[in-house]
């Protein structure tokens, strides 16, 4: 580069545009606003997707902008083929089932949802009727992450329901029924299972403490318990018989289902082997 006689930069070339102080301030202000807006618009934004399959627990229900008191309710969504879903669950008193057809976030429920016909407390029945009417009039759904939790949101013209993804990890269950050979039979026992998030299940058989490794696929509802540790305490003949049935059934478990506060474990051929009631963690 050739220098001029004064030793400075060349005096010839592209002229620099002039910017008065007012323009400079406006440009800086505009740039600052753009930067601030960009930062604010990307902070804590939940990424919306449409992956509704799985087990979900109702956590919020509102109609016309007013939150409703909710009963324990669950929803299981399974894709039967592209764009067609089975929707089953527990609505506070009864089990229900139906179909959704979906195209992206838009859904169209089948008109003929079915439900069991149990009676319950008046408040629970009123909620159930409103909740099922909402599901059969749903128009859209979406899933997103909120504070590290997967959320399913379903909306109709005037109502919105939010569900939290249910998994076995971090839950505890007390036995309420055991298959004695032909069907589930109610039992009175302190046997229970607690599922950790590191692949171990802790609990007891009503007599002895157990610790077994387990693997679970929350999407396919498959589960397997591996050989683990058990103490060797003795109990009454009735307690020992219940323990034997409990352990014999546990090693044959291949699948599970979650309905309301009930966990049911199944054999490979679909026979119900063990049923548990969810225990609230303190």
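The values are calculated or read from the model by the stated rules, or taken from the named source; none is laboratory data. Fair warning: this is a prediction, and the values are worked out from it, not measured in the lab. With ideal geometry, Cβ positions are generated from the backbone for all residues, glycine too; neighbour counts draw on all protein chains shown.
Restricting the search to strands (runs of 3 or more DSSP E) fully inside the stretch 97-190 and requiring at least 2 residues that are more than 19 Å from the chain's Cα centre (by Cα) gives 106-109, 171-179, 184-186.
Looking at the structure I just gave you, is residue 242 touching a residue at least 60 places away in the same chain (Cβ under 8 Å), crowded, with 18+ Cβ neighbours inside 10 Å and over 29 Å from residue 58 (Cβ atoms)?
Values: touching a residue at least 60 places away in the same chain (Cβ under 8 Å): yes; crowded, with 18+ Cβ neighbours inside 10 Å: yes; over 29 Å from residue 58 (Cβ atoms): yes.
Against the criterion (touching a residue at least 60 places away in the same chain (Cβ under 8 Å), crowded, with 18+ Cβ neighbours inside 10 Å and over 29 Å from residue 58 (Cβ atoms)), residue 242 qualifies.
Could you tell me whether residue 191 is closer than 14 Å to residue 276 by Cα and touching a residue at least 24 places away in the same chain (Cβ under 8 Å)? Write out each step before concluding.
Values: closer than 14 Å to residue 276 by Cα: yes; touching a residue at least 24 places away in the same chain (Cβ under 8 Å): yes.
Taking the combined requirement at face value, the residue satisfies it.
Selection of the stretch 116-130 for residues being surrounded by 15 or more Cβ atoms within 10 Å (Cβ to Cβ) and under 24 Å from residue 78 (Cβ atoms) yields only 128. Restricting attention to the stretch 64-85, the residues that are surrounded by 15 or more Cβ atoms within 10 Å (Cβ to Cβ) and either touching a helix residue (DSSP H, G or I) at 6+ places or on another chain (Cβ under 9 Å) or at pLDDT 95 or above (or both) add up to 6.
Residues 65, 98, 83, 92: which one is assigned by TED's automatic domain parsing to the domain that holds residue 133 and farther than 20 Å from residue 140 by Cβ?
On the way: 65 fails: farther than 20 Å from residue 140 by Cβ; 98 fails: farther than 20 Å from residue 140 by Cβ; 83 fails: farther than 20 Å from residue 140 by Cβ.
After applying the criteria, what remains is 92.
So is residue 43 loosely packed, with under 10 Cβ neighbours inside 10 Å and either touching a helix residue (DSSP H, G or I) at 6+ places or on another chain (Cβ under 8 Å) or at pLDDT 75 or above (or both) or not?
Numbers: loosely packed, with under 10 Cβ neighbours inside 10 Å: yes; either touching a helix residue (DSSP H, G or I) at 6+ places or on another chain (Cβ under 8 Å) or at pLDDT 75 or above (or both): no.
Considered against the rule, which asks whether it is loosely packed, with under 10 Cβ neighbours inside 10 Å and either touching a helix residue (DSSP H, G or I) at 6+ places or on another chain (Cβ under 8 Å) or at pLDDT 75 or above (or both), residue 43 comes out as no.
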